């Protein structure tokens, strides 16, 4: 008889189950809204960059400026230039692809960081690493599809480009933009239609790296060669690695 | 692609997460798999004779899970901040869940083991001897009355409850490992729906193999009554059958995985090439397929071979080695695929970390041996008052 008193009717079961599922759904929604990675769309500014590869001369000035501005350890790079030659003499062309963190709108590094040390500033959408929280697990280094992150051997935390946040918050340009000889890098607020970067984007056809991953990078390229933009898997498939 | 392409300047990124984390993943799948096989077998047999094997399949995974976080901690840039992962929590990261799942799994194994050993521990705590104090401490000085059978009956509900909880966390642990790797959407080798099933197959293979190996080790080190020994050999032979079908399942899962990779574009084709002809080819064909799949399958194919102690132990070691290399191949191989350039990424040798990993594994083995000498794995069928 005691068993029958404890038993739960089907209707009651579904009612309780529904309440719990509903509660969990509402909680998940609230957490999602509050989460910085997904609140990026509500930010007032959206810093981004356009790199016109037609203007890049491959001088590596941006790489040097970045290293000196951010004290990047020897052998590591927050910003670098990939260089490729294509064709046979006399039809040869040289291609440059300046690289840096894309500060993606849906950043895999941010989503996979276990401690939340990687975060996005709500007011401008820049992705940062909090060195006081980062445990140095390198999950973000592996997660970044662009190879833009590394474990800083001095701080033992993840490191990456943050558009020289200490400069842009003072109204300056990132160090790489200032150092660019050919004025290939245009930086600014993508949400501001009057900014240089927005106007450049409006007047040029642009590409983004690994668009298939839907990470929505905020670094856009003008006239980049398709072969330099991603990893060259066909070469490895053919068994040639050099 | 154009044949005449020369890369003048690029950055090589290397393999960021090395062998320690690959071992970490394997040891977790081993512990979870061992407990799942041990406990599901209990649900199948439900006999008192099976209890010693369930003890092995619960307490040894606990030892592994208690020591395995060391692999993760040593690999961190800031090992001293490890504990902050419990409260600096990012809900979109599988690792954040994993820290809790593995911790809770370890706790549930500990409690389940406690209830499994408790009747025999109480019995030993009543008997005078050099370790009486230790056994009394192990049961928190609550030496209940009644014989072992009665104590078992009294605690049966609690014991089965914790068995269920630990089984749930074991499944969650394997699901976590699969989801962890498949959540890296830039890594074509890991970002696969089959990853969870790969870890399930690893768990089933290494779990049944480990259980065979540990029980044989227990029987050689601890005194086992001849009747119980004969009964346990029957169970071990049946674990051999589980191992056989787990190996078939693992081969099937890998076949599906490679078929899916073929339909994942050029990246997927290259990912399968990492195994077939690429940098992990030798480890794949020799250790994972020949040693880890074919050899143990042949060794446990026939009943007479399964019943042979030496043959079953060789099959178990081979199957475990196969899953270890499978785990390492997927984990390291997945990072060898370049993200931005045209060369395989290289893994820098880490001798200090490797030494630490080997020492920790030896430590685990030593702890296993010590527990076999101290803890009462075998059933003690003695009536109150007739024990001494």
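The values are calculated or read from the model by the stated rules, or taken from the named source; none is laboratory data. Computed from a prediction, not measured in an experiment: that's the story for all the values here. Cβ sites come from the backbone with ideal geometry, for glycine too, and all protein chains shown count toward neighbours.
Yes/no per residue for (1) buried (at least 20 other Cβ atoms within 10 Å of the Cβ); (2) more than 14 Å from chain A (Cβ to nearest Cβ); (3) over 15 Å from the mean Cα position of the chain (by Cα); (4) in contact (Cβ under 8 Å) with a residue 60 or more places away in the chain:
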residue	(1), (2), (3), (4)
B:27	yes, yes, no, no
B:58	yes, yes, no, yes
B:79	no, no, yes, no
B:89	no, no, yes, no
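Per-residue answers, yes or no, for (1) at pLDDT below 95; (2) in contact with a helix residue (DSSP H, G or I) (Cβ under 6 Å, 6 or more places away or on another chain):
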site: A:135; (1), (2): no, yes
site: A:141; (1), (2): no, no
site: A:163; (1), (2): no, no
site: A:176; (1), (2): no, yes
site: A:181; (1), (2): yes, yes
site: A:228; (1), (2): yes, no
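Check whether at least one residue in segment A:14-37 is within 13 Å of chain B (Cβ to nearest Cβ) and either modelled with pLDDT of 95 or more or touching a helix residue (DSSP H, G or I) at 6+ places or on another chain (Cβ under 7 Å) (or both), and report yes or no. Among the residues of segment A:14-37, at least one is within 13 Å of chain B (Cβ to nearest Cβ) and either modelled with pLDDT of 95 or more or touching a helix residue (DSSP H, G or I) at 6+ places or on another chain (Cβ under 7 Å) (or both), which makes the answer yes. Would you confirm whether any residue within segment A:119-132 is over 14 Å from the mean Cα position of the chain (by Cα), part of a loop (DSSP other than H, G, I, E, B) and closer than 30 Å to residue B:342 by Cβ? Taking every residue of segment A:119-132 in turn, none turns out to be over 14 Å from the mean Cα position of the chain (by Cα), part of a loop (DSSP other than H, G, I, E, B) and closer than 30 Å to residue B:342 by Cβ. Between B:145, B:170, the distinction of being out of contact with any helix residue (DSSP H, G or I) (no Cβ under 8 Å at 6 or more places or on another chain), touching a residue at least 24 places away in the same chain (Cβ under 8 Å) and either buried (at least 18 other Cβ atoms within 10 Å of the Cβ) or in a loop (DSSP other than H, G, I, E, B) (or both) belongs to B:145 only. Looking only at residues in segment A:133-180 that are free of Cβ contacts under 8 Å to residues at least 12 places away in the same chain and at negative phi, the one that is nearest to the other protein chains (Cβ to nearest Cβ) is A:142.
Could you figure out which of (1) assigned to a loop (DSSP other than H, G, I, E, B); (2) in contact with a helix residue (DSSP H, G or I) (Cβ under 8 Å, 6 or more places away or on another chain); (3) away from chain B (no Cβ under 14 Å) isn't true of residue A:194? Here residue A:194 clears every test but (2). Scan segment B:231-250 and tell me whether some residue there is outside any helix (DSSP H, G or I), within 18 Å of residue B:49 (Cα to Cα) and more than 18 Å from the chain's Cα centre (by Cα). Scanning segment B:231-250, I find no residue that is outside any helix (DSSP H, G or I), within 18 Å of residue B:49 (Cα to Cα) and more than 18 Å from the chain's Cα centre (by Cα), so the answer is no.
Can you confirm whether residue B:46 is more than 14 Å from chain A (Cβ to nearest Cβ), more than 26 Å from residue B:95 (Cα to Cα) and out of contact with any helix residue (DSSP H, G or I) (no Cβ under 9 Å at 6 or more places or on another chain)? I'd like the intermediate steps shown before the answer.
Values: more than 14 Å from chain A (Cβ to nearest Cβ): yes; more than 26 Å from residue B:95 (Cα to Cα): yes; out of contact with any helix residue (DSSP H, G or I) (no Cβ under 9 Å at 6 or more places or on another chain): yes.
Answer is yes for this residue.
Assessment of segment A:98-116 against the conditions (in contact (Cβ under 8 Å) with a residue 40 or more places away in the chain, more than 9 Å from chain B (Cβ to nearest Cβ) and assigned to a strand (DSSP E or B)) yields at least one matching residue. Exactly one residue among A:214, A:189 is within 17 Å of the chain's Cα centre (by Cα), surrounded by fewer than 21 Cβ atoms within 10 Å (Cβ to Cβ) and at positive phi, and that residue is A:214. The residues of segment A:70-90 that are at the interface with chain B (Cβ under 9 Å from one of its Cβ atoms), assigned to a loop (DSSP other than H, G, I, E, B) and out of contact with any helix residue (DSSP H, G or I) (no Cβ under 9 Å at 6 or more places or on another chain), listed by number, are A:87, A:88. Of all residues in segment A:197-211, those being within 18 Å of the chain's Cα centre (by Cα) and assigned to a loop (DSSP other than H, G, I, E, B) number 3. Somewhere in segment B:2-9, is a residue within 14 Å of another protein chain (Cβ to nearest Cβ), in contact with a helix residue (DSSP H, G or I) (Cβ under 8 Å, 6 or more places away or on another chain) and either on the phi > 0 side of the Ramachandran plot or surrounded by fewer than 23 Cβ atoms within 10 Å (Cβ to Cβ) (or both)? Yes, that holds for at least one residue. Being touching a residue at least 60 places away in the same chain (Cβ under 8 Å) and more than 23 Å from the chain's Cα centre (by Cα) is a condition met by no residue of segment B:102-116.
Can we say residue B:331 is farther than 19 Å from residue B:266 by Cα, within 14 Å of another protein chain (Cβ to nearest Cβ) and touching a helix residue (DSSP H, G or I) at 6+ places or on another chain (Cβ under 8 Å)?
For residue B:331, the condition - farther than 19 Å from residue B:266 by Cα, within 14 Å of another protein chain (Cβ to nearest Cβ) and touching a helix residue (DSSP H, G or I) at 6+ places or on another chain (Cβ under 8 Å) - is met.
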